[in-house]
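Colleague: Shown below is the structure under consideration.
None of the figures in this text is laboratory data; all of them are computed from the coordinates on show. As the structure is a computational prediction, the values presented were derived from the model and not from experiment. All Cβ positions, even for glycine, are placed from backbone atoms using ideal geometry, and neighbour counts span all protein chains on display.
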Amino acid sequence: MAPDLTVVIPTFNERGNLEPLVAKLDQALAGLAWEAIFVDDNSPDGTADALRAIGRADPRIRCIRRVGRRGLAGACIEGMLAAQAPLVAVMDADLQHDETLLPRMVAAMGAGADVVVATRYAPGGDAQEGFSAFRSFGSQMATRLARRVLRVSSSDPMSGFFMLRRDLAETLAPKLATDGFKILLDILASAGDGLRITELTYTFGTRQSGDSKLDNRVLMDFLGLIVSKATGGLISLRFLSFACVGAAGLVVHLLVLRTALSTDLRFLYAQTIATFVAMTFNYIVNNLLTYRDRRLSGWRFLVGLVAFYLICGLGAAANVGIADWMFYETAHWWVAGIAGAVVGAVWNYAISRALVWKDSA
């Protein structure tokens, strides 16, 4: 029998939560035809193997194992597009979302909603149990910023627990960012006005096992999504990340340049040193953040670094040449340094996107 509801659950190192979560879903969704699609980002703790073992005993449980692709938003999108049911719910595997809310969400969809949001911030909801004071403050500030800038009407557009119609997900999928974490915010902003949103309150629970999916890139992802949606997609999340890293690299470049010049080194040589230090810095940080989903490691990291140097050689030559010319034209070392760095940065982004990390986004 075809399911009426598909529950999409992105996972990374959630092995200890799987059996309790499946048992909770089985109890909460009794009487409904449902399936659960777990989208696992190649967890090293064997999450995918554990899911397959559960799936052999319960065919409602499916697993999509992603290799070489990372990111909660992308996992949710792949899961929604693989759904068999007309209704799709998204929730976490960490047992912080209240699965008993799912039947009420289904009923709200039946009453005409396009999206049902499980909210922590409307009267009756609570996020204090599952959040530290710092994370609670950050989440609420991000919610206010998102609502103000993107004009979404939900009280909790940052929620990771929601339900929508599969055909809406399929329509919006080409517009959604595959990297980042805030998939609901992206859906609400991409859909625009006229979306019928119903909100149901719940209490955000405490993580029981596994690793939080929030890491040092979350803030950049969030700000990138805000800028991308506010500019109608003109500035992508990945480009903004690359630009932020480039700005930090520019600071490194100027510091190294100033230090080298203080040793009475000729400007041409000082600019060359600063250029290669900044290139190395940009490569390492972009590998950690901008291209986290296709991060290079081991020998591939070293090969990528060498390739980055070779591919960006022309950009570096233009950087040094333009900066040297600007220095002798203006006599301002910082103007010359910035001019050269900007030329190099534009070249580096275009080439690294096409060849180093083979980015298609």
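Colleague: Please give the contour-minus-distance gain from TYR309 to ASP45: 0.36 nm per residue of separation, less the Cα-Cα distance, rounded to one decimal in nm.
Modeller: This chain segment gains 91.5 nm when fully extended.
Colleague: Treating only the Cβ atoms of Lys and Arg (+1) and Asp and Glu (-1) as charged, compute the dipole magnitude of the stretch 49-117 about its Cα centre; round to the nearest 20 debye.
Modeller: Its charge dipole is roughly 380 debye.
Colleague: For the stretch 260-344, which trypsin sites (Lys or Arg not before Pro) are both in a DSSP coil and crowded by at most 16 other Cβ atoms within 10 Å?
Modeller: Within the stretch 260-344, the qualifying trypsin sites (Lys or Arg not before Pro) (loop, at most 16 other Cβ atoms within 10 Å) are ARG266.
Colleague: Suppose R0 equals 35 Å. What FRET efficiency, 1/(1 + (r/R0)^6) with r the Cβ-Cβ distance, do ALA53 and ALA350 give to the nearest 0.05?
Modeller: That gives a FRET efficiency of 0.15.
Colleague: Here's another thing I want to ask about it. Would you mind getting me the FRET efficiency between LEU265 and PHE301? Use the beta-carbon distance for r and R0 = 41 Å, nearest 0.05.
Modeller: Result of the calculation: an efficiency of 0.85.
Colleague: Using θ = phi - 60° and the Karplus curve 6.51 cos²θ - 1.76 cosθ + 1.60, what whole-Hz ³J(HN,Hα) does each residue of the stretch 33-40 get, with Gly and Pro shown as x?
Modeller: Result, rounded to whole Hz: 7, 9, 9, 10, 10, 8, 10, 9.
Colleague: Using alpha carbon centroids, what distance separates the stretch 1-29 and the stretch 82-125, in Å?
Modeller: The stretch 1-29 and the stretch 82-125 have Cα centres separated by 13 Å.
Colleague: Also: Would you please give the residues with an amide H less than 5 Å from that of THR11, counting only those at least 5 places away or on a separate chain, with H modeled from the backbone geometry?
Modeller: Counting only residues 5 or more places away or on other chains, the set is VAL39, ASP40, ASP41.
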